[in-house]
Amino acid sequence: MPLPLPPALVPPPTDLSLFRAALSHSEFALPHSYSSAHRVVRVERKSCVLATPDGPRTVPTTIGVAVGDWALLDDAGQVSGIQPRSTEIRRLGVGGRAVEQVLAANLDIVAVCAPLERDARLGRVERLLALAWASGAQPLLVATKIDLCRPEDVGPALSQFGAAAPGVDVVPVTVTDLTSLDPVRAMIAPDRTLVAIGASGAGKSTLINGLVGGMELATGAVRESDGKGRHTTAWRELVELPGGGYLIDTPGLRAVGLSDAAEGVDAAYADITDLAAQCRFSDCGHESEPGCAVRAAIERGEIDAGRLERHRKLQRELAFQARRFDARARSEERKRWAKLSRNSNPARP
Ligand SMILES: Nc1nc2c(ncn2[C@@H]2O[C@H](COP(=O)(O)OP(=O)(O)OP(=O)(O)O)[C@@H](O)[C@H]2O)c(=O)[nH]1
Ligand SMILES: [Zn+2]
């Protein structure tokens, strides 16, 4: 019978499913110190704050953790690992080299927050909904600051929001009437986790404060005229709701790059995706092809032409990112082979 490998020789799991299997397999039983995991409530540069039975505790970490992670501590009190994530919001920082960033983990609901306005530019909302769908959690669209919307515009604006969010609940809220938050509260209790995402000033912190019923997170004072705030969230933070459930605030998202989110985009544009399946040609570009079900729906006024254009734009962006990652993977592979062949050639110094 082969001797069991000493721990240091157990090969590291290569993907999450293996890791999960390893966690549940008795041979890989975790050391005693791993037995309790603590929720990450805040992430700082080289440390994070954990919720422990004795209150918040700041611990050093050398591994990348996200708010909402369940962190495992080693005997020295350092973060030594995280439990596999059930869901996560990943975005691509835009700019020079694309870097993926996990905004929050282990979420049940991703609440996209946007001020309710008639004829709002909905591209950003649709993009954030794609990010929300891609996370694996349930997306929600929170239409904020409805007190600033003219009463006669509320109905039409809500239908426009609804059309931008097929399959997603739209909840109109205002801080001037806290009962408007009840539907959101009901979704979270007793133990679900909601993360609020949206542009700076969208009303995320105000929503969370309203739900918590105190001033857990600082926000600017309500300004009747322009609805713009002074406060900018400095860190992502998880708070517990008195009636049960957890809320995560995120900093205002200026540029949100999508990566590996093809399914998220398909889900966010489910109306177009479903119609496209009925086009005569499976590779229909929805331009002037005969038998195009998407164009027919636009002509009937069922789908906004701008929405089709925004969908195209996101798909082009995904295709570009995929090519970029492919190119990077190819270049790394070439370097690896160059190194291997150098090492295997004894004639070379
Ligand atoms: N009139 C009105 N103002 C609101 C409402 N909700 C938020 N505001 C104001 O809008 C501004 C921005 O709100 P925040 O909650 O700070 O927005 P945020 O999305 O957290 O912004 P960042 O932290 O910068 O990402 C603040 O001045 C709020 O007081 C609302 O329902 N009605
Ligand atoms: Zn078509």
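Taken together, the values in this text are just the output of simple stated rules run on the coordinates, not laboratory data. Worth saying up front: this structure is predicted, and the values here are computed from it rather than measured. Don't worry about glycine lacking a Cβ; one is built from the backbone with ideal geometry, like all the others, and counts go over all protein chains shown.
Here is how the numbers come out for the structure above:
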read-out: Reach of residue 46 by Cα under 29 Å, taken over lysines that are not fewer than 8 positions away in the same chain; value: 204
read-out: Distance from region 315-341 to region 73-146 (C-alpha centre basis), Å; value: 26 Å
read-out: Pairwise FRET efficiency - residue 75 versus residue 323, Cβ, R0 = 35 Å, nearest 0.05; value: 0.15
read-out: Calculated Rg and Dmax of region 57-138 using C-alpha coordinates, Å; value: 16.2, 56
read-out: Dipole of region 30-84, positive end: most advanced residue of 43, 59, 76 [Cβ charges, Cα centre]; value: 43
read-out: Distance (nanometres) between label positions extended 7 Å along Cα→Cβ at residue 45 and residue 177; value: 4.7 nm
read-out: Residue-span extension gain [residue 154 to residue 331] - 0.36 nm each, minus C-alpha spacing; value: 58.5 nm
read-out: For peptides 187-197, 125-135, sequence by mean Cβ density within 10 Å, most packed first; value: 125-135, 187-197
read-out: Length released on extending from residue 36 to residue 289, taking residue separation times 0.36 nm less the Cα-Cα span; value: 85.2 nm
read-out: Highest to lowest packing among 166-177, 316-327, scored as the average C-beta count within 10 Å; value: 166-177, 316-327
read-out: In nm, spacing of pseudo-spin labels at residue 299 and residue 281 (7 Å Cα→C-beta vector); value: 1.7 nm
